Structure formats: C-alpha cells, structure tokens
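Engineer: Before I ask anything, here is the structure I am working with.
The values are calculated or read from the model by the stated rules, or taken from the named source; none is laboratory data. Computed from a predicted model, the values in this text were never measured in an experiment. Using ideal geometry, Cβ is built from the backbone for each residue, glycine included, and neighbour counts are taken over all protein chains shown.
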Amino acid sequence: MRRRVYDRIVQIILIAIASMMALFLIYLVGYIIGSGIRGFSFGFLTRAPSGITQTGGVWPMIASSMYLIGLTLLIAVPLGVGGGIYLAEYAGQGRIVETIRFAVDILSSVPSIVFGLFGLALFVQFFGLKYSMLSGALTLTLMVLPLLLKISEESFRAVPVTYREASLALGATKDQTIFRIILPTALPAVFTGVLLSAGRAFGETAAVLYTAGLSPTTPVFPLDGGRTLSTHLYLLATTGKIEESFKVAMVLLVVILVFNVLSNVVISRFRRRFIKEAR
Amino acid sequence: MGHYQKSSTRSLNNGTAYLKMRKMSLVELVLFLFTLTSLVGLVLIFLFVIKESLPIFLKVGPLPFLFGSIWQPTAGKFGLLPLLLSSLILVAGSIILAGPLGVALAIFMVEYAPSYVRIGLKTLVELLAGIPSVVYGFFGIIVIIPLVRNVVGGSGFGLIPGILVLTVMIIPTVTAVAADAIRVVPKENRLIIFALGGTRWQSVYRGVLPAATRGIFTGIILAEGRAIGETMAVLMVLGNAPLLPRTLNQPASALPSQIALDMAYASGDHRTALFGIGLLLLIFSALFISLARRVARSAA
C-alpha cells in the first residue's frame, strides 16, 4: 500500500520538524540562561555599571526599562482599552470606522525602526522633548496601540450578549452596562493584552534607540534620558563584551518568560469561563 | 456592530444616522477620540517621514536614489540598490525556509498532535514570537556566526546568518496565522476523505489545505512584512557593509539596519536619505498588509 507508506513518511517528517523547533527553543533559552547564570549575583541587578567598559551592573538600565514601560502603559492603556470598548460596543460599520480599522492594521505593520525615526523627528526634535523617557514612551505607545486595541476589542466581544441584555433589562443605561458589567467581566482578558504590550515594549530596541537615548543613567523625571536593558544588550554584544551580554540576555529572557506564563495563566482562566477552548 | 443598535434600528427603517447622532453620549465621544489616535498617529508618521525625506528625493531624484548602486554618504552618493537587494534577498531567503517549516508546524499542531502536545507547541510558538530581536541578534553572534564561519568560511557575518535568524523570527507569524486558517476548515472536509478510505495525509492534502490556502498565504505575506522591517537582529549579524550582494557569504547591509546604524551621527543629506529609506519601508509594509487584508478577506 503505497499511500500508507506515504502517510507514514509525512507524519515522521512533521514530527521531526516539530521536535526540531522545540529543541531549538530549549537550546536557545537553555544556552543563554545557562551561560548567563555563571558568575551571576543579585548585585548585578542593583549596581550601576562602572568604568569605560560599562560593565558590572545594570540597575540604571532596569530602571529605564521599567520607567519606560510604566509611562508607555500609562498613556497606551486608556487609549487602547477605551478604543477597544468603542470598537466592540459603539462602532457601527461606517466609513470612518472602516478607515480606523485599516489604519490600525497598517500601524501594526510599521517597522519598529520607522517608529524610531518618527519619534526622533516629532517628539525628540519637533516638540523638543530630547532623548527622554517621554519621547520613548510616546513612540512606544503608537507601537503597542494596535495590539492593545485588538485584544481589548476581542475581550469585550467575548462577553456573552446575555450579560448586556440582563443589565439593560434591569434598567441600566448603556454606559452603566459597559463600565459596570462588561468591563469588569472582560478585565482578565484585557489584562493579558496589557501584559503582552509590556513585553513588547520591554524587548523593543530599534524604536527606543533614538528616542529614549543611550545614556546609562537612572532616569528620575519624564524628560530624563535613559538606556533600556535591550539597548544595553545591543551595545554590549556589538562591542564584544560577550560574558556581560549573556547576563543581560538572561535577564531579558527571564522577564519575557514570566510575562508569557503570566498572560497564559490569566487568559486560560478567562477562556474556560467564556470561550469554548479553541483547539 | 454594537449589540444595541441591532435591536434599536430594527424599529426604525432608515433612521440609523439620526439615531447615532442623538445617542452619542459624552462617554462615546471620548472613546471615539481615543480610537481616533491610531489614525492620527499613522497620518502623522506618514507626514513626518515624507516631510523629512522630501529633500533627498528632490536633490538626487527618486530613480537614482532607489536604484543607484553606490551607498557612500560621506562621498555624497546615495544609491539604495545595495541595501534594497540585500533586503529582498533576506526576505526571499527567510520566507523560503520559514514558509514550509511554519506551515508544516501548523499542520502538525492542528491535524496530528494530541492536545497536550498542541498546547505545548502553541506555547512554544508564542515564546518564539515574544523573544526580543536583540536576543535573537545576540544568539546569532554567539552561535550562528561561528557555525557559518566553520561551515562556509569567511568572517561568518553576512546574508546567511541574516536569513537564518530571520527564519526563526518569522516562523511564529506563519504558524499562528496558518494554524488559525487550518483550524476553521469544517470537519466534513476531513471526514469525506476518511469516508472514502483516505489516509490522514490525504485528508489534510486533499481536504484541508485547499480550503486553507488563502489563510496560509495571508500568514506568509504578514511574515514577509515582518521580515523586511526587522532591524536589530539583522543589524547584529549582517556585518554592515553596504555593498552590492554578489554571494550570500559576504557582509551586507539591509534597509532597516542601515537606518539604525547611521542615525546616531547622520546629518544633512545623509539624514534625509535615512528618512527616505524609512519612507520606503513604510510603503513596503503598507503594501504587504494591504495585500494580506485583501487575500484574507476574499477567503471569507
């Protein structure tokens, strides 16, 4: 039976490809974490780098990354979640809404270096915000906005219609229904969108390189510049400081892993409640 | 498509516009303005990139700028052909590798794997997508480049590691979109083949894939869009020499990485030329996403 043999071969190839990918990921993560953990101490996270080599610690970079993520979410979450509510609950199918959806799609495909260029031209230079946390955060806001919008809209749509009907039947207005019933119900799913956006902002380099800047100092005010952890990895790796790079790459990976696990836990709980588990 | 309008418009024949005007509360207005920021942002991006890049198009001319074969900003030569060709090679090379691999992974996930394997693979794909591009670049420097150096020779930097790194980075896009497309193919498409005595692969090949073709292509187009704009990982492994690519095993420079590399010190014409590259990238990605939308829509 030739086709049975054929079927077997295809199956073996597919299993081989899947295992190869899994092994690759395990190797990548294992190699970086395994190499980074050698000689790692927690002092590395809390010290400032020293000397002209700028090695030995990453505290200012961690501070810059967190500052940047915090500021970005502060601006992007209201816009993204609010926009998601609008698209799910209010928007019709008019021309304006269609245009906005198209714009969001295009925005989601804009290369990160172009966001960086734009941020440099508009925020850093035109508005005179210099290389600063604020310039970086405004740039990142535009970058994560499509993701936030999409996930929030989906989350709101996942809330069953019966919830709305029940609320309206009790005499609640539409605004009350949205903010007291639908928003709280959809919140866990919206939260995963926030986590994913934070993860993206955390790992992003090209868009912050020329907006948040390179200075290895701890930012205090929104108009202070700072070097993020990912930018730091870029500078270390391209100047041959491999040992230090491993440590920074490990920190980046661990944080991304935590973000991922956390958002998976939250979303699977939400799914179990409302959405038939997609296969 | 609010869940409210359906019921309220039903009672009025053509009063939708009137109804919307009257019902627009303050909350709705504010939320609408929030939604509008994406559109405004996108328009601003286009305006500023065009405004900053206009001088180079006027000075050099669009065709010499796009197809000039020498990129030497210090000598006043702004030809994008070396960068453009390298970028196209990177996109083509990575999609040739990532397309089949990504689709195979999607087929295996949806059609073959038991549920615990499927969940594991889904997590794997999400993780691959979430790893920052600088980490991929670093991985390229410490693992892929020595490998290329040993196998092919030369410095190791160049288009080969670029293609390999990009391949890993865009597989998640291909797989995620293709898996969605395969998942929504009706069960009957498979059952019919089984009922005729077909094997599993026949059910996939004859029953599922023809119905999922458009979705799979959408994923591939989106991945191409991602590949052409990818900056940091490519920047770190390419060797950054803006030469016309004659072989795969030579240092090269791509459109986005050249921006990241030069922006730190560029001024005058050089700076506007970099914005010109930005405009080119913007147009490429807009074209890719429009194409993907069109393909995806005609599937529905």
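Engineer: Among the numbered criteria (1) away from chain B (no Cβ under 14 Å); (2) outside any helix (DSSP H, G or I), which one does A:Leu73 miss?
Structural biologist: A:Leu73 satisfies all of (1) away from chain B (no Cβ under 14 Å); (2) outside any helix (DSSP H, G or I) except (2).
Engineer: Could you give every pair whose Cβ atoms fall below 7 Å, whose first residue belongs to region B:49-65 and is closer than 22 Å to A:Gly116 by Cα, and whose second residue is among the hydroxyl-bearing types (Ser, Thr, Tyr), counting only separations of at least 6 or pairs across chains?
Structural biologist: That search, which allows pairs on different chains as well, returns B:Glu52/B:Thr272; B:Ser53/B:Thr272; B:Pro55/B:Thr272; B:Ile56/B:Thr272.
Engineer: Please go through region B:65-85 and give me each residue that is over 27 Å from the mean Cα position of the chain (by Cα) and of a type in the set (S, T, N, Q), ordered by number.
Structural biologist: B:Gln72, B:Thr74
Engineer: Right, here's the next one. Taking the criterion of being within 7 Å of chain B (Cβ to nearest Cβ), more than 18 Å from B:Arg226 (Cβ to Cβ) and more than 18 Å from the chain's Cα centre (by Cα), would at least one residue in region A:126-147 satisfy it?
Structural biologist: Within region A:126-147 (the criterion being within 7 Å of chain B (Cβ to nearest Cβ), more than 18 Å from B:Arg226 (Cβ to Cβ) and more than 18 Å from the chain's Cα centre (by Cα)), the answer is no, since none of the residues qualifies.
Condition check ((1) touching a strand residue (DSSP E or B) at 6+ places or on another chain (Cβ under 7 Å); (2) among the charged types (D, E, K, R); (3) in a helix (DSSP H, G or I)) across all residues:
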{"residue": "A:Leu214", "(1), (2), (3)": "no, no, no"}
{"residue": "A:Thr217", "(1), (2), (3)": "no, no, no"}
{"residue": "A:Phe221", "(1), (2), (3)": "no, no, no"}
{"residue": "A:Thr231", "(1), (2), (3)": "no, no, yes"}
{"residue": "A:Leu235", "(1), (2), (3)": "no, no, yes"}
{"residue": "A:Glu244", "(1), (2), (3)": "yes, yes, yes"}
{"residue": "A:Val255", "(1), (2), (3)": "no, no, yes"}
{"residue": "A:Ser263", "(1), (2), (3)": "no, no, yes"}
{"residue": "A:Arg271", "(1), (2), (3)": "no, yes, yes"}
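Engineer: Something else now. Pick out the one residue from A:Leu25, A:Leu45, A:Leu74 that is within 30 Å of B:Leu33 (Cα to Cα) and among the hydrophobic types (A, V, I, L, M, F, W, C).
Structural biologist: A:Leu74
Engineer: So which residues in region A:42-86 are closer than 18 Å to A:Ala137 by Cβ and among the small types (Gly, Ala, Ser), if there are any at all?
Structural biologist: A:Ala63, A:Ser64, A:Ser65, A:Gly70, A:Ala76, A:Gly80, A:Gly82, A:Gly83
Engineer: Any residue at all in region A:90-107 that's aromatic (Phe, Trp, Tyr), more than 14 Å from chain B (Cβ to nearest Cβ) and in a helix (DSSP H, G or I)?
Structural biologist: no
Engineer: Regarding A:Thr177, is this residue under 24 Å from A:Ile62 (Cβ atoms) and either modelled with pLDDT under 95 or surrounded by fewer than 21 Cβ atoms within 10 Å (Cβ to Cβ) (or both)?
Structural biologist: So A:Thr177 fails the test.
Engineer: From the list A:Leu87, A:Leu138, which residue is touching a residue at least 60 places away in the same chain (Cβ under 8 Å), over 26 Å from A:Leu68 (Cα atoms) and crowded, with 22+ Cβ neighbours inside 10 Å?
Structural biologist: Among A:Leu87, A:Leu138, only A:Leu87 is touching a residue at least 60 places away in the same chain (Cβ under 8 Å), over 26 Å from A:Leu68 (Cα atoms) and crowded, with 22+ Cβ neighbours inside 10 Å.
Engineer: Among the candidates B:Gly207, B:Gly276, single out the residue that is more than 10 Å from chain A (Cβ to nearest Cβ), in contact (Cβ under 8 Å) with a residue 12 or more places away in the chain and either in contact with a Lys or Arg (Cβ under 8 Å, 6 or more places away or on another chain) or β-branched (Val, Ile, Thr) (or both).
Structural biologist: B:Gly207
Engineer: What helices (runs of 4 or more DSSP H), lying completely within region B:132-219, carry at least 3 residues that are buried (at least 23 other Cβ atoms within 10 Å of the Cβ)?
Structural biologist: Filter on region B:132-219 gives B:133-139, B:159-183.
Engineer: Scan region B:110-152 residue by residue and report those that are free of Cβ contacts under 8 Å to residues at least 40 places away in the same chain, farther than 20 Å from A:Val255 by Cα and not hydrophobic (A, V, I, L, M, F, W, C).
Structural biologist: Of everything in region B:110-152, those that are free of Cβ contacts under 8 Å to residues at least 40 places away in the same chain, farther than 20 Å from A:Val255 by Cα and not hydrophobic (A, V, I, L, M, F, W, C) turn out to be B:Pro114, B:Ser115, B:Tyr116, B:Arg118, B:Pro146, B:Arg149, B:Asn150.
Engineer: Condition first: aromatic (Phe, Trp, Tyr) and within 14 Å of chain B (Cβ to nearest Cβ). Now tell me which residues in region A:220-240 satisfy that.
Structural biologist: A:Tyr234
Engineer: Those residues that are in contact with a Ser or Thr (Cβ under 8 Å, 6 or more places away or on another chain) and of a type in the set (A, V, I, L, M), I need them from region A:211-270; list them, please.
Structural biologist: A:Ala212, A:Leu214, A:Leu223, A:Leu229, A:Leu233, A:Leu236, A:Ala237, A:Met250, A:Leu252, A:Val266, A:Ile267, listed by residue number.
Engineer: Which of the residues belonging to region A:123-132 are of a type in the set (A, V, I, L, M) and surrounded by fewer than 22 Cβ atoms within 10 Å (Cβ to Cβ)?
Structural biologist: Within region A:123-132, just A:Leu129 meets the criteria.
Engineer: Here's another thing I want to ask about it. For region B:69-92, which positions are under 12 Å from B:Leu243 (Cα atoms), outside any helix (DSSP H, G or I) and among the small types (Gly, Ala, Ser)?
Structural biologist: B:Ser69, B:Gly79
Engineer: Residues to consider are A:Glu204, A:Glu243; find the one that is surrounded by fewer than 24 Cβ atoms within 10 Å (Cβ to Cβ) and either in contact with a Gly (Cβ under 9 Å, 6 or more places away or on another chain) or facing another protein chain (nearest Cβ under 10 Å) (or both).
Structural biologist: A:Glu243
Engineer: Return yes when B:Phe139 is touching a Leu at 6+ places or on another chain (Cβ under 8 Å) and at the interface with another protein chain (Cβ under 9 Å from one of its Cβ atoms) and no when it is not.
Structural biologist: Yes.
Engineer: Taking only region A:115-128 into account, find how many residues are within 27 Å of B:Ala286 (Cβ to Cβ) and either among the basic types (Lys, Arg) or part of a loop (DSSP other than H, G, I, E, B) (or both).
Structural biologist: So the count comes out to 1.
Engineer: Tell me, please, whether a residue that is more than 8 Å from chain B (Cβ to nearest Cβ), over 30 Å from B:Gly140 (Cα atoms) and of a type in the set (A, V, I, L, M, F, W, C) can be found in region A:33-48.
Structural biologist: no
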